[in-house]
């Protein structure tokens, strides 16, 4: 039983597919299968169930998967620490973020943290969506992730830290721009700019609109909130967006109108286990929250 055997086995359990892992590792499917077979010979147990569309761990496989995942994570953390010592840096914090997260939620906190720890290494990975950020944390690719909090995810702890009320972004010359608020039923007539598909914010929005019988018409979609705001400012449609820090009620050619009947989104930190984070990662997370509150 080798570390490579365990790493490959954990990857197979996560992917549910031997060929996908083989592609990721640039090796043959047979080579991946040999790693699993070696573990099964040494444990004397079947670790994977083969199905037409992939594989799933057996009960014994889940036991080994959990133990191997935790053990490999601890080893990887130790290797990163040794690398920090070799390079003479004071520790590493790996953060998974969405496309606009650092700008809107972290800028002041990152600057303050860097001022206190100029020797620390900060690694930011743009994962593109809260779902992918959570997966990065669960797979040990990141220590922390700033996400739109959602349903519980096995192996990840989420902490809601900030409420984000919903706003309708419109061009300053739009007839709706003079409104102080807008009701849900009035949204049916807007030229909707869709949020990213499968994003937590879009799923949250669609669920509540459907509950109230509101259907939106859209010919435009975007990959992030800032692009939606820009298109609304240009008069190319209306965007339903969470109010991000620094946006206020709009400026220039855009106005942000509250939608009080929509429950706010919540955003916050996610980690595999808070009590297992390094002191440096905890301080980074706390510093970001401290500056968000101010």
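Answer yes or no: is there a residue in the range 98-116 that is in contact with a helix residue (DSSP H, G or I) (Cβ under 7 Å, 6 or more places away or on another chain), closer than 21 Å to residue 12 by Cα and part of a loop (DSSP other than H, G, I, E, B).
For the range 98-116, residues in contact with a helix residue (DSSP H, G or I) (Cβ under 7 Å, 6 or more places away or on another chain), closer than 21 Å to residue 12 by Cα and part of a loop (DSSP other than H, G, I, E, B): absent.
Of the residues 231, 195, only one is within 19 Å of the chain's Cα centre (by Cα), in the same structural domain as residue 170 (by TED's automatic domain parsing) and within 25 Å of residue 133 (Cβ to Cβ); which?
That would be 195, the only listed residue that is within 19 Å of the chain's Cα centre (by Cα), in the same structural domain as residue 170 (by TED's automatic domain parsing) and within 25 Å of residue 133 (Cβ to Cβ).
Between a first residue in the range 124-149 that is in the same structural domain as residue 16 (by TED's automatic domain parsing) and within 15 Å of residue 267 (Cα to Cα) and a second residue that is modelled with pLDDT of 85 or more and surrounded by 20 or more Cβ atoms within 10 Å (Cβ to Cβ), which pairs have beta carbons less than 7 Å apart while being 6 or more apart in sequence or on different chains?
Pairs found: none.
Might you check whether a residue that is out of contact with any strand residue (DSSP E or B) (no Cβ under 7 Å at 6 or more places or on another chain) and under 22 Å from residue 139 (Cα atoms) occurs anywhere in the range 39-48?
yes
The values are calculated or read from the model by the stated rules, or taken from the named source; none is laboratory data. Model, not experiment: these values are computed from the prediction. Reconstructed Cβ throughout: ideal geometry from the backbone, glycine too, with neighbour counts over all protein chains shown.
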